[in-house]
Each structure stands twice: as C-alpha cells, then as structure tokens.
Amino acid sequence: MKSWAAGLIVTGELVCDSCGRLMRHPERYGLVSEDNEPPKRLCADCSRAAGYLKARRDDKGHDIESYL
Ligand SMILES: [Zn+2]
C-alpha cells in the first residue's frame, strides 16, 4: 500500500471529491492518493475525518493542524 497526502491552498474554487462541498480560496485542502489511485481533493473536514489532517503542537507550543 502506497498512500500520500499533501496540504494545499485552494486557488479559485474547487469541489471536494468526498462530500461535494465547494471550497474557495484561501481554504486548505488535501491532495490525497491511496494505493496509487489518482489523487483526490479532500476539504479540511474530510481530510480530518480520514485522518490525513492531524492536530499537533509545533515547537513554539502552538496547536496547529498539518497533513502527514
Ligand atoms: Zn469534503
């Protein structure tokens, strides 16, 4: 299994491939590929639900969310 995810910023408008929600700049979305399938665009909510967007603490002690 080969999966990857990248966090990107919406330029213009994009539709989430999971929930169909319209995303607009400057929302974040995840470009996610599972098992070498063509990448899907997931909104932040779907990325979070799928475990690609994770809350963590940066080295300054701020809570941030980042993609794997
Ligand atoms: Zn979504």
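Computed from the coordinates by the stated procedures, all read-outs in this text should not be read as laboratory data. Please read these numbers as outputs of a predicted model, since none were measured by experiment.
Once C-alpha pairs closer than 8 Å and six or more residues apart are averaged by separation and normalised to the residue number of the chain, the relative contact order reads 29 percent. Residues whose amide H lies under 5 Å from that of Leu53, counting only those 5 or more places away or on a different chain, are Arg48; hydrogens are built 1.01 Å from N in the peptide plane.
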